[in-house]
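J.: The structure under discussion is supplied below as structure tokens; questions concerning it will follow.
The values are calculated or read from the model by the stated rules, or taken from the named source; none is laboratory data. Note that the structure is a prediction, hence the values are computed from the model and not measured. Glycine gets a Cβ as well: all are built from the backbone with ideal geometry, and neighbour counts include every protein chain shown. Protein only, heavy atoms only, side chains kept; ligands, DNA and RNA dropped before computing areas. Shrake-Rupley method; radii C 1.70, N 1.55, O 1.52, S 1.80 Å.
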Amino acid sequence: MADNLQFDLVSPERRLASVEATEVRIPGADGDLTAMANHAPTITTLRPGIMTVVHSGGSDEYVVVGGFAEITATSVSVLAESALPRSEMTQEVFNKMMEDAHAEMQKAKTIENEPGPVDDAARLIADMVAIGTHIGLDPKQSNFG
């Protein structure tokens, strides 16, 4: 039988999960990774994406935007800037998240001679579109700009 690790996910609004998991798939800023029991200690920042937690009762998915994950041999602790269960990600919620991402892009464009913030905002928009596409929501990009 596979070893388990403690998984905790919190956002500023609430604690979303605290379960014994067999694996946690994390959308890391430098690439996706899977944490399992006896993982090497790691801290990674999160990019917007779907976090999947596999446990004895099945699996749960969460939409996360920003934050970081601390992985040890026995646990995964995630502090997300924003997170919600995939089941709560409605088209209305997604549209608001896309509006916020596009607002960040417009704000970044006002910074002179600094391509970094614009690149970061463009990456945020691309990640948000990928989330919506993955879970069957319409990014409606033509409505933003």
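J.: For the structure I just gave you, tell me whether T45 is open to solvent by less than 40 Å² (accessible area, probe 1.4 Å) and touching a strand residue (DSSP E or B) at 6+ places or on another chain (Cβ under 7 Å).
T.: Taking the combined requirement at face value, the residue does not satisfy it.
J.: Only one of (1) loosely packed, with under 14 Cβ neighbours inside 10 Å; (2) closer than 20 Å to D120 by Cβ; (3) in contact (Cβ under 8 Å) with a residue 40 or more places away in the chain fails for T74. Which number is that?
T.: (2) is the only condition that T74 fails.
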